[in-house]
Amino acid sequence: MSNREFTRVAEAEQLQQGKTMRVELEGREVLLCRTAEGVFAVDNLCTHGAARLCEGKLKGHRILCPMHGAAFDVRDGSALTRPAVRALASHAVRIEGADILIAFSD
Amino acid sequence: MNKDKATPGVARAPGPSVADTLATDSRGAPQPLLDQDYEFLGDQDIDCSRYTSPRFAEQEFDRLWARCWQWACREEHLQDVGDHYVYDIGPYSVIVVRSAPDCIEAFVNSCAHRATRILGGEGSGYTGQFTCPFHGWSWGLDGSLKNVPARWDFPHVCADTHSLQRVHCDTWGGFVFVNLDPDARPLADYLDVLPEHFKHFPLDRRRIRLHVQKVLPCNWKAAQEAFMEAYHNFETHDSPTGANAQYDVFGKYVSRFIHNIGNYSAQALDDYPGNKWREPPLSENEILQILSAFGLDHDEVPPGETARSVAAEDLRRRLSESLGVDLSLVSDTVMLDSIEYHLFPNMFFFAGITVPMAYRFRPNGMDVDSAIFDFLILEPLAEGESHPEPPEPARLEIEQSYTEVEALGWLAPVYDEDTGNLALQQQGLKSSRKRGITLGNYQEARIRRVHQTMDEFMEIDDE
């Protein structure tokens, strides 16, 4: 864990509670989600049909895919409902001052 | 034994009535709360098998749940186009969806191909279209058939025959109702007096503050009947109030009780066991102490005031501030009392500020011996404020206590008491040598009315 490199990807004030934001890091799409519990980062592509989750909706701590309605827990990426069965990759998040930083977990 | 053969249903608890209390409140009550509507509905026992027989439960699914209006979710669950809610009742599952900004529709949650449920578990979700997880058939949010993979193999399939099966859907008071009966009568007919009675208390301008969903160890009817009378308060809640509650039956579908909070009738406890709260009766200060659970400013009743008027005024001030709504003109009864309306077969709506709930009871899957109890606390929305995203339900299993939901506060032990008798009742219903349960003519008339309306749905003729 200690050798993970955190990179600045967004300004914290751009991400309101209950909202998501698509960012790109090293060519990979990542979804930032701000819930009542904080900011979380998961891959932006649904593990079922590869639809963009940024076009879906965040409800509480669930991100819902716009294509088939599959739900993932943004806190750890776990798949909550069919048709998705594989978890999203979940990434470490750090808030430094006004910035949101993430580090890939894989 | 009371051998009084006076006209059944006429007798009432001794002492002041709810109407007497409302007449002396510091502010006038809304007219619907002054209306009284009761008639004797009979005194025959209700057969225990209605609560225990799997065959009766099956008939309920066929003849009741497939044909009655029932609330599926709140409109606040469906704020954006694509927001949907899956509502399950026994073997049935319905998708309710906001298909357009001004349109909510409902469909049977079943694929037109090989009948797979399109969406999994109950609750809220969001999607741009509906897609069956089995072979990938898809439909628009309006239920119209959109895409069939390997279309060449299905020349016999078209939108006319294979769109999603529509379910009747309508709204009232911010609740979304569905009816699985293709020939259902309009919801408005079914609501009877409810729209008129809730004009002073608009439920659409309320939001879900808390939703608790608990599995209860009894038949759904036994579960809801534990909440249809206040007769149990003395024994179950160790409470002096409720013995003089008012009960109204407004027709086949709607009934009500009004249970005063913040005063009670010592005379109404005349033949209850012991002398508790009767000799001597509680002082106004002692009553205020009981009400302190609500969070009051006063700990003593000033001269010339009553515990009820003091509590109502303290709550007006405190809740106006915390909720951002003007409660200064709200009557004492609406501020304090448990004003509980029941809509057939399984829904409860409260018209009170401090007791602001909505309930729904239904079978737990196909099990005759357990029920799901949805408990909502509805909070007024501040002027001009729109509904926030509703909270997810806190789910409790049979063995869990309401105290595990911290947000329930003082209500948690009350609901543990309310539900604590239910396993015993379900067991007793199965082992009783007496074949039926007996109901009070007045205090339990609402329960009888539900069974009588059920008989109409179930096509049972008792006569």
How far is it, in nm, from the label point at A:Arg86 to the one at A:Gln16 when both lie 7 Å from their Cα along the line to the Cβ? 3.5 nm
Other chains near A:57-63: what is the mean number of their Cβ atoms within 10 Å of each residue's Cβ? 5
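On full extension of the chain, what length is gained from B:Asp35 through B:Arg67, given 0.36 nm per residue of separation minus the C-alpha to C-alpha distance?
Values: separation 32, 0.36 × 32 = 11.52 nm, distance 3.02 nm.
Contour length minus the Cα-Cα distance gives 8.5 nm.
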In Å, the Kirkwood hydrodynamic radius from C-alpha pairs for the stretch B:1-138 sits at 20.2 Å
Please list, by residue number, everything in the stretch B:103-139 whose backbone N is under 20 Å from a paramagnetic label point 7 Å out along Cα→Cβ of B:His156. B:111-116, B:135-138
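Please express the shape of the stretch B:113-190 as an equivalent ellipsoid: the semi-axes are the square roots of 5 times the eigenvalues of the C-alpha gyration tensor, given largest first in whole angstrom.
Values: eigenvalues 158, 50, 20 Å².
Its equivalent ellipsoid spans semi-axes of 28, 16, 10 Å.
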For the stretch B:7-78, state which GluC sites (Glu not before Pro) are in a DSSP loop and have at most 15 other beta carbons lying within 10 Å of their beta carbon. B:Glu39
In nm², what is the average projected area of the convex hull enclosing the Cα atoms of the stretch A:49-95? 3.4 nm²
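Roughly how many debye, to the nearest 20, is the charge dipole of the stretch B:310-463 about its Cα centre, given +1 on each Lys and Arg Cβ, -1 on each Asp and Glu Cβ, and no other charges?
For the stretch B:310-463, the charge dipole is close to 580 debye.
Mind running the shape call on the stretch B:36-114? Use the C-alpha gyration tensor, a ≥ b ≥ c as the square roots of the eigenvalues: rounded below 1.5 for a/c, prolate if a/b tops b/c, oblate otherwise.
Working: a/c = 3.83, a/b = 1.70, b/c = 2.25.
It comes out oblate by the Cα gyration axes.
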Which GluC sites (Glu not before Pro) in the stretch B:284-340 sit in a loop by DSSP (not H, G, I, E or B) and have at most 13 other Cβ atoms within 10 Å of their own Cβ? B:Glu300
Along the charge dipole of the protein assembly as shown, which of B:Ser322, B:Ala266, B:Leu194 sits closest to the positive end, that is, farthest toward it, with unit charges on the beta carbon of Lys, Arg, Asp and Glu (+1, +1, -1, -1)? B:Leu194
CD proxy, 222 nm, chain B: helix-only mean residue ellipticity via -39,500 (n - 2.57) per DSSP H run with n ≥ 4, per residue, nearest 500, stands at -6000 deg cm²/dmol
For the stretch B:1-66, what is the charge dipole size about the Cα centre, in debye to the nearest 20, if Lys and Arg each add +1 at the Cβ and Asp and Glu each add -1 at the Cβ? 160 debye
Expressed as a rounded percentage, what relative contact order does the stretch B:221-374 have, with Cα pairs under 8 Å and six or more residues apart? 19 percent
Across peptide B:74-82, what mean number of C-beta atoms from other chains lies inside 10 Å of a residue's C-beta? 1
Taking only Cα atoms of the stretch B:356-412, radius of gyration then Dmax in Å: 14.2, 45
Convex hull of chain A built on C-alpha atoms - directionally averaged projected area, nm²: 6.2 nm²
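Give the longest segment of chain A that steers clear of trypsin sites (Lys or Arg not before Pro) in DSSP loops with at most 15 neighbouring Cβ atoms within 10 Å, not counting the sites themselves. Intermediate results must be reported in sequence, preceding the final value.
Numbers: sites that count: A:Arg4, A:Lys19, A:Arg75, A:Arg86.
Maximal segment without exposed cleavage sites: A:20-74.
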Averaged across orientations, what area in nm² does the convex hull of the alpha carbons in chain B project? 24.1 nm²
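Quick one: compute the contact order of the stretch B:1-122, relative version, from alpha carbon pairs under 8 angstrom and 6+ residues apart, as a percent.
On the way: 95 pairs, mean separation 14.5, N = 122.
Across the stretch B:1-122, relative contact order equals 12 percent.
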Partners for A:Lys57 among aspartates and glutamates (Cα-Cα distance below 16 Å; same-chain residues under 8 apart left out): A:Asp43, A:Asp73, B:Glu76, B:Asp80, B:Asp83, B:Glu389, B:Glu392
Kindly identify the stretch B:379-463 as rounded, prolate or oblate by the Cα gyration tensor criterion: order the square roots of the eigenvalues as a ≥ b ≥ c, call it rounded if a/c is under 1.5, otherwise compare a/b with b/c, prolate if a/b is larger, else oblate. oblate
Can you tell me the 0 to 90 degree angle between the C-alpha axis of helix B:422-431 and the longest principal axis of chain B, rounded to 10? 80 degrees
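Between A:Ala50 and B:Lys252, what FRET efficiency comes out of the Förster formula 1/(1 + (r/R0)^6) with R0 = 56 Å and r the beta carbon distance, rounded to 0.05? Show your work: numbers first, answer last.
On the way: r = 53 Å, r/R0 = 0.94.
With R0 = 56 Å, the Cβ-Cβ based efficiency is 0.60.
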Taking the dipole about the Cα centre of the protein assembly as shown, with the C-beta of Lys and Arg at +1 and of Asp and Glu at -1, give me whichever of B:Cys68, B:Ser309, B:Ala351 is farthest to the positive side. B:Cys68
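Would you mind classifying the stretch B:319-463 by shape? Square roots of the alpha carbon gyration tensor eigenvalues, ordered a ≥ b ≥ c; an a/c under 1.5 is rounded, otherwise it is prolate if a/b is larger than b/c and oblate if not.
Values: a/c = 2.13, a/b = 1.63, b/c = 1.31.
Since a/c reaches 1.5 and a/b is larger than b/c, the shape of the stretch B:319-463 is classed as prolate.
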Within 10 Å of each Cβ in peptide A:67-73, how many partner chain Cβ atoms are there on average? Round it to a whole number, please. 6
Separation between Cα centres of the stretch B:409-441 and the stretch B:324-391, rounded to whole Å: 22 Å
Principal-axis tilt of helix B:445-458 within chain B, Cα atoms, nearest 10 degrees: 20 degrees
Of the GluC sites (Glu not before Pro) in the stretch B:352-459, those whose Cβ has at most 14 other Cβ within 10 Å and which sit in DSSP loop: B:Glu383, B:Glu385, B:Glu397, B:Glu399, B:Glu459
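Over its Cα atoms, what ratio of radius of gyration to 2.2 N^0.38 Å does the stretch B:133-272 give?
Working: Rg = 23.8 Å, N = 140, 2.2 N^0.38 = 14.4 Å.
For the stretch B:133-272, the normalised Cα radius of gyration comes out at 1.65.
Using +1 on the beta carbon of Lys and Arg, -1 on that of Asp and Glu, and nothing else charged, what's the dipole of the protein assembly as shown about the Cα centre, debye to 20?
Roughly 1600 debye, rounded to the nearest 20.
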When the charge dipole of the protein assembly as shown is computed with +1 on Lys and Arg Cβ and -1 on Asp and Glu Cβ about the Cα centre, the Cα farthest towards its positive end, among A:Cys33, B:His237, B:Thr438, belongs to A:Cys33
If contacts are Cα pairs under 8 angstrom and at least 6 residues apart, what is the relative contact order of chain B in percent? 23 percent
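No lab work stands behind these numbers, since they all come straight from the coordinates. Here the structure is a predicted model, which means the values were calculated and not measured. As a convention, Cβ positions derive from the backbone with ideal geometry for all residues, glycine included, and neighbour counts pool all protein chains shown.
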